[in-house]
């Protein structure tokens, strides 16, 4: 049965958040595996969420497959997701922590050949093919020098100092900022 883009978008977003990748290699929702090498301490995406915060709690009773095209409940659920996730709490214990984190690059200036600002997100397609993840799963990266030779949704390592700081961009609301000391391609 065909589902509306609202219902499908909500379903993909919730599945991606739960860490379930779509079929195939490098599809919407895919996450990068941690790696033990490198000089900087690795920061995990789950570390960015306070231990007592459950992003899916408000939606545990929602049966996405029962919602039809343009069902007002599907539209309301998507709006509720955005409200809750845009205000997702940051893990204050990470404020000022230095380290590196792997994620996907979402440029804030799509037309530039180099860019000094971008969002780092935990799974492929976030902010592009699906609604943005929770604010505590988006890092606003300030890169100096600017990043060159990388594309949208490129898998990268970003190393720097993490700050708890909210930013609103056209691509999503971030709960963290990182001043990048280095940005390099993620190697499989």
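The values are calculated or read from the model by the stated rules, or taken from the named source; none is laboratory data. The structure presented is a predicted model; accordingly, all values stated were derived computationally and were not measured. All Cβ positions, glycine included, derive from the backbone under ideal geometry; neighbour counts span all protein chains shown.
Numbers at a glance
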item	result
Among residues of segment 168-183, those that are surrounded by 22 or more Cβ atoms within 10 Å (Cβ to Cβ) and closer than 15 Å to residue 92 by Cβ, counted	2
Residue within segment 154-167 that is touching a strand residue (DSSP E or B) at 6+ places or on another chain (Cβ under 7 Å), surrounded by fewer than 16 Cβ atoms within 10 Å (Cβ to Cβ) and over 18 Å from residue 93 (Cβ atoms) present	no
Any hit, segment 20-32, residues being touching a strand residue (DSSP E or B) at 6+ places or on another chain (Cβ under 6 Å), modelled with pLDDT of 85 or more, outside any loop (DSSP other than H, G, I, E, B) and under 20 Å from residue 138 (Cβ atoms)	no
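Rundown of residues vs (1) part of a strand (DSSP E or B); (2) modelled with pLDDT of 85 or more, yes/no style:
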{"site": "74", "(1), (2)": "no, no"}
{"site": "78", "(1), (2)": "no, no"}
{"site": "85", "(1), (2)": "no, yes"}
{"site": "93", "(1), (2)": "no, yes"}
{"site": "105", "(1), (2)": "yes, yes"}
{"site": "109", "(1), (2)": "no, no"}
{"site": "115", "(1), (2)": "yes, yes"}
{"site": "132", "(1), (2)": "no, yes"}
{"site": "140", "(1), (2)": "yes, yes"}
